[in-house]
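The values are calculated or read from the model by the stated rules, or taken from the named source; none is laboratory data. It should be emphasised that the depicted structure is a prediction, and the values quoted were computed from it without experimental measurement. Cβ atoms come from the backbone with ideal geometry, glycine included; neighbour counts cover every protein chain shown.
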DNA sequence: CGGACGCTGTACCGTACGGTACGGTACTGC
DNA sequence: GCAGTACCGTACCGTACGGTACAGCGTCCG
């Protein structure tokens with residue numbers, strides 16, 4: 001099984017078209033679509049499909065990898081950075097992440113990978129894990145390091161801080177989306193969530209005063225201690 | 001389809017035995033197990049199975065509901081409460097939740113519900129959602145209210161606070177578990193995570209000084225502001 | 001005793017799907 | 001013109017599974 005492992009990007013235009021169809025079908029039907037349906041919609045023959053991707057698993061894997069390769073995160077120039085830039089950078093990161101997470105494509109991919117992880121049918125879970133949470137923390141870590149080097153934040157444990165950031169940003173959005181809840185946050189809702197999460201994160205890990213938002217999160221950036 | 005909707009608890013001992021077998025199979029194989037396999041392992045006939053549960057969906061639904069009914073959360077006596085009690089209560093809650101979430105049974109149930117939510121095959125997603133995150137916040141809300149009434153915490157938005165608590169506690173544990181990551185936190189790791197999450201939560205939302213832990217979380221409960 | 005009932009085990013049916021084979025067609029290079 | 005290649009469309013095969021039917025068996029109750 002898993003005959004052909006495409007070196008990731010020597011995919012022809014036609015092959016990418018097919019994968020796009022597969023992705024659409026994943027969004028519409030989850031794991032339930034058949035190879036025949038792919039062929040019908042993509043106007044290609046089964047034989048070609050099997051020649052290109054080996055078997056169904058190969059097709060799924062190729063689709064997931066191809067899609068995962070498209071996800072990119074906003075970065076941050078290294079060197080000294082101002083508090084405002086740092087904060088904006090975190091917010092941009094959070095907005096980006098939340099937008100991806102709450103999207104139908106991400107949900108479809110995660111659903112697929114999760115159900116396969118349960119059946120031990122393939123390594124899709126591993127792939128999505130690597131391109132999801134792990135990629136996020138991987139991209140976020142250098143940003144955190146820049147912040148720390150600039151004296152804006154400090155961590156006892158970088159990993160714990162990354163987990164905390166993840167939790168504050170994602171909250172229960174992802175699990176609810178995956179379980180089929182239809183209410184999707186508006187772009188402004190995402191923005192608000194991201195700002196609140198970053199504000200809270202900076203309360204927990206920030207060392208210097210960073211421009212506070214007007215109304216996000218707990219409103220007050222720090223509770224008025226003592227009753 | 002979905003012929004018989006068991007009023008939730010008029011299940012015979014024998015029926016519960018069968019559901020236990022189904023649950024085991026879910027943990028082992030995800031959604032891939034067949035009705036025949038259930039019968040073989042439970043030593044019952046297909047006909048009986050279909051008489052009792054209508055169809056495959058009915059069996060799955062019954063299993064999920066039966067299992068969901070078993071989950072209970074630690075509560076908190078109402079009335080005035082001490083800071084230490086409040087904090088311990090939150091920690092107990094978090095430990096309980098993390099233990100459930102990272103367990104194989106919960107993972108199997110969530111995987112099942114998630115994959116069905118993707119295919120629109122049934123209402124399992126809705127059921128798990130109601131007995132998962134929503135049940136958690138439902139149980140947590142009164143605890144928060146007691147805390148607020150006792151002047152220990154204050155919220156601008158109760159919903160936002162619940163989301164924050166969820167995020168701080170769960171982090172990325174659940175999604176990683178669902179995606180098949182095998183490393184499971186030890187009981188002491190869960191304890192540590194829970195304490196750190198609660199400490200952070202109280203930093204964000206607490207009004208009064210609450211006994212700080214020795215070393216949990218960011219170590220210092222509040223960063224020494226200003227460089 | 002005898003019929004009704006509930007259950008087990010097995011054989012069976014229809015279907016749907018993954019995977020293969022094959023005929024037909026367009027294009028390319030010689 | 002012709003072999004080779006790459007692809008489409010479709011027919012086909014084997015299998016596995018959901019669901020049904022039926023025979024056999026123990027138990028309860030009149």
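Listed here are the residues, each with its yes/no results for (1) under 29 Å from residue B:139 (Cβ atoms); (2) free of Cβ contacts under 8 Å to residues at least 12 places away in the same chain; (3) in the same structural domain as residue B:173 (by TED's automatic domain parsing).
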{"residue": "B:20", "(1), (2), (3)": "yes, yes, no"}
{"residue": "B:26", "(1), (2), (3)": "yes, no, no"}
{"residue": "B:30", "(1), (2), (3)": "yes, no, no"}
{"residue": "B:40", "(1), (2), (3)": "no, yes, no"}
{"residue": "B:87", "(1), (2), (3)": "yes, no, yes"}
{"residue": "B:101", "(1), (2), (3)": "yes, no, yes"}
{"residue": "B:107", "(1), (2), (3)": "yes, no, yes"}
{"residue": "B:112", "(1), (2), (3)": "yes, no, yes"}
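Evaluation of residue A:53 against the conditions (1) at pLDDT 95 or above; (2) surrounded by fewer than 21 Cβ atoms within 10 Å (Cβ to Cβ); (3) within 16 Å of DNA strand D (Cβ to nearest atom) shows that the sole unmet condition is (2). In segment A:60-79, is there at least one residue being within 16 Å of DNA strand D (Cβ to nearest atom) and either within 18 Å of the chain's Cα centre (by Cα) or not assigned by TED's automatic domain parsing to the domain that holds residue A:95 (or both)? The answer is yes, given that some residue of segment A:60-79 is within 16 Å of DNA strand D (Cβ to nearest atom) and either within 18 Å of the chain's Cα centre (by Cα) or not assigned by TED's automatic domain parsing to the domain that holds residue A:95 (or both). Checking each residue in segment A:133-151 for being at the interface with another protein chain (Cβ under 10 Å from one of its Cβ atoms) and in contact (Cβ under 8 Å) with a residue 24 or more places away in the chain picks out A:133, A:136, A:137, A:151.
When residue A:72 is tested against the conditions (1) at the interface with chain B (Cβ under 9 Å from one of its Cβ atoms); (2) not in a helix (DSSP H, G or I), the lone failure is (1).
Only one entry of B:105, B:64 meets the criterion of being within 14 Å of another protein chain (Cβ to nearest Cβ), surrounded by fewer than 16 Cβ atoms within 10 Å (Cβ to Cβ) and in a helix (DSSP H, G or I), and that entry is B:105. More than 14 Å from chain B (Cβ to nearest Cβ), within 16 Å of DNA strand C (Cβ to nearest atom) and in contact (Cβ under 8 Å) with a residue 24 or more places away in the chain: is that true of residue A:93 in this structure? The answer is no for residue A:93. Say whether the condition of being outside any loop (DSSP other than H, G, I, E, B) and away from DNA strand D (no atom under 16 Å from the Cβ) is met by at least one residue in segment A:32-46. Looking through segment A:32-46, none of the residues is outside any loop (DSSP other than H, G, I, E, B) and away from DNA strand D (no atom under 16 Å from the Cβ).
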